[in-house]
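The block underneath contains the structure these notes are about, expressed in structure tokens.
Coordinate-derived values only; no laboratory data. As the structure is a prediction and not an experimental result, all values here were calculated from the model. In this analysis, Cβ positions are derived from the backbone assuming ideal geometry, glycine residues included, and neighbour counts consider all displayed protein chains.
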Amino acid sequence: MDQKPMSSLQRVLTTLSHREADRVPFFLLLTMHGAKELGVSIREYFSNAESVAKGQISMRKKYRHDCFYNFFYAALEVEAWGGEVLYIDDGPPNAGAPIIRNHNDITRLTVPQVKDTPCLVKVLNATRIIKENAGDEVPIIGVVMSPFSLPIMQMGFPAYLDLIYEQPMLFQQLMAVNQDFCVEWANAQLEAGATAICYFDPVSSSTIIPRELYLKTGYPVAKNTLSRIKGPTATHLASGRCLPVAEDIAQTGTAVIGVSAEEDLEEVKKICRGKITVLGNLNGIEMSRWNMEQTAATVIEAIAKAGVGGGFILSDNHGEIPWQVPEDVLMTLSETVHTYGRYPILMEE
Amino acid sequence: MAEVLYEFQEALLSTDIVKARQVLSETINKITFEQIIETVVVNALENIGKGWEKGEYALSQVYMSGRICEELVDTIFPQGNTPRKPSPKMAIAILNDYHALGKRIVYSTLRASGFDLLDYGRVSPAEIVQRISDDGIEVILLSVLMFPSALRVKDVRDMLDKKGSKVTIVVGGAPFRLDPHLWKQVGADFGAHTASDTIDIIKSISAGGV
């Protein structure tokens with residue numbers, strides 16, 4: 001008996017409640033590909049809200065995935081704090097030299113006001129345009145860098161690790177200003193029409209810091225920050241491993257966890273079942289040279305490993321699909337989910 | 001010596017520089033400087049690097065371990081007597097992007113293991129080719145975080161080929177870990193998953209492995 005397909009939002013909400021929807025929801029977390037869609041350069045594409053909204057709407061129509069993604073690029077938040085953004089022709093704009101060059105700079109930081117910061121206002125405008133077009137049928141995923149991970153771009157990775165290990169007071173001071181910014185930025189996106197916020201927190205990953213350190217640092221920061229965000233959140237570790245801290249992350253108040261391509265989806269799902277929805281974990285880097293057979297086989301394997309019982313959204317492992325991933329791979333990925341992701345999942349050899 | 005290695009490694013993993021210094025200082029009277037480097041420092045860094053690759057340890061522990069070892073080797077050994085290993089003329093650089101952690105870890109690990117190398121910081125493909133030529137570099141270690149930066153290694157290789165340069169390119173960083181075939185695709189001679197892999201690669205190059 002054919003039933004009316006669920007809307008993307010219904011599908012996602014069903015899986016978040018750890019039940020099976022009509023099929024496995026999938027998020028194509030596409031950013032720069034919108035520029036290809038519109039036939040403009042990456043710099044031009046991100047220069048105005050209208051083109052990003054148009055790109056998102058056009059890509060969803062083409063690939064039929066279950067979300068819009070208002071994410072421009074990670075360095076945008078550093079831009080908001082006064083940092084430089086470096087554009088390239090074949091990848092995401094990158095953060096330039098760190099804005100925090102010594103410890104005194106931390107004591108002088110002032111939180112950027114969202115409404116007075118043009119690069120942030122641009123994202124809010126794109127969100128509003130998408131919302132006007134999407135209505136309530138498709139979730140719009142907003143994005144923030146976690147207060148705990150933003151310092152990688154604010155001060156550089158080595159200096160930040162030195163700070164975490166050796167300057168606990170200054171570390172707390174930096175977290176306080178970053179948290180205020182993160183909360184205001186997340187809530188502004190929710191007000192503009194975002195359905196949920198993706199909290200990018202790679203430093204909390206067990207690839208980067210041990211669990212004992214996470215429990216003293218990234219964990220309390222996440223718990224406090226997420227409690228102040230007025231909407232649902234998903235935590236993404238941007239390719240970092242989550243297994244040793246998956247249950248801790250589930251306690252921070254987030255609904256979703258992004259899984260690394262270096263981890264076994266089945267193993268992660270076993271730990272997360274009924275507690276937190278698993279998002280992942282297609283390898284974005286390898287995806288750029290997959291053929292169609294590999295694409296389909298990888299998608300089917302992921303669905304088989306994590307799809308049963310809901311609590312799973314198929315996606316890439318990083319939260320940003322590389323520019324180099326070709327359109328036919330994305331199309332095959334979509335077609336495979338639509339064909340093989342229908343519930344009940346049939347396990348065949 | 002296994003006990004000393006264990007104690008030293010545990011001190012590194014706990015970022016306890018005082019304990020790590022104490023372990024090395026107590027060992028100085030028992031074995032030669034070269035033996036300390038080889039059997040304690042290098043082995044500890046290799047174990048920690050391999051543990052990171054297996055998901056047992058975190059990158060922050062790898063970084064802090066390298067930093068502590070570099071500092072200890074530079075300060076514990078008598079001035080000018082730090083044992084240095086014969087090796088090809090080497091340099092390390094970050095290609096294009098601003099993420100310096102990987103480069104810093106490899107630099108510290110190699111220095112603490114007795115190798116000398118130049119640090120070029122962040123450079124473009126054209127700049128690096130020029131510096132390789134100016135300095136007579138034989139092995140260039142390239143660290144990247146961003147995927148597009150990893151693809152730029154091919155530009156470096158093409159420019160070096162045009163100049164007839166036989167420089168050995170060793171690459172490392174997240175894109176190469178996530179795609180184990182990528183280092184070959186961009187024309188590198190070696191791909192290193194961890195800083196300790198780099199030690200093995202340099203030893204093999206020094207022994208005529210290329």
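The table that follows gives values for the structure above.
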item: P(r) histogram, all alpha-carbon pairs of region A:47-155 included - 5 Å bins from 0, percent; result: 2, 11, 19, 21, 17, 13, 9, 4, 2, 1
item: Lysine pairs in region B:90-206 with Cα atoms under 23 Å, if 8 or more residues apart or on separate chains; result: 13
item: Ascending count of other beta-carbon atoms within 10 Å, so fewest first, for B:D189, A:D105; result: A:D105, B:D189
item: Residue with peak Gaussian network fluctuation, chain B [Cα springs, cutoff 10 Å], from B:L45, B:L142, B:L101; result: B:L101
item: Helix-only [θ]222 nm of chain A, DSSP H runs n ≥ 4, -39500 (n - 2.57) each, per residue, nearest 500; result: -13500 deg cm²/dmol
item: Neighbouring partner chain Cβ atoms per residue of A:198-205, average, 10 Å criterion; result: 1
item: Proximal lysines relative to A:K4, as straight alpha-carbon distance under 24 Å, when same-chain residues fewer than 8 apart are discounted; result: A:K61, A:K62, A:K131
item: Positive-end extreme of charge dipole, chain A - chosen from A:G253, A:G341, A:N102 (charges on Cβ); result: A:G253
item: Reach of B:K19 by Cα under 20 Å, taken over lysines that are not fewer than 8 positions away in the same chain; result: B:K30
item: Sequence-distant lysines (8 or more away, or on other chains) whose Cα lies within less than 23 Å of A:K269; result: A:K223, A:K305, B:K54
item: Approximate shape of the protein assembly as shown as ellipsoid semi-axes (Cα gyration tensor, √5λ), whole Å, largest first; result: 41, 25, 24
item: Degrees between helix A:168-192 axis and first principal axis of chain A (Cα, 0 to 90, nearest 10); result: 50 degrees
item: About the Cα centre, charge dipole magnitude for the protein assembly as shown (Lys/Arg +1, Asp/Glu -1 at Cβ), debye; result: 620 debye
item: Filtered trypsin sites (Lys or Arg not before Pro), region B:135-201: DSSP coil and at most 14 other beta carbons within 10 Å; result: B:K163, B:K166
item: Nearest 10 degrees, 0 to 90: helix A:327-340 Cα axis against chain A principal axis; result: 60 degrees
item: For region A:283-349, convex hull volume per residue from C-alpha positions, Å³; result: 82 Å³
item: Distance histogram for region B:61-135 (every C-alpha pair counted, 10 angstrom bins, percent rounded to whole numbers); result: 18, 43, 31, 8
item: Per-residue average of Cβ from other chains inside 10 Å of B:97-104; result: 6
item: Unit charges at the beta carbon, dipole of the protein assembly as shown: most positive-side option, B:P88, A:A159, B:A11; result: A:A159
item: Signed unit charges on C-beta, dipole axis of the protein assembly as shown, positive-most listed residue A:Q10, A:T31, A:H318; result: A:Q10
item: Nearest 10 degrees, 0 to 90: helix B:43-53 Cα axis against chain B principal axis; result: 50 degrees
item: Within region A:8-340, percent of DSSP bridges classed antiparallel, to nearest 5; result: 10 percent
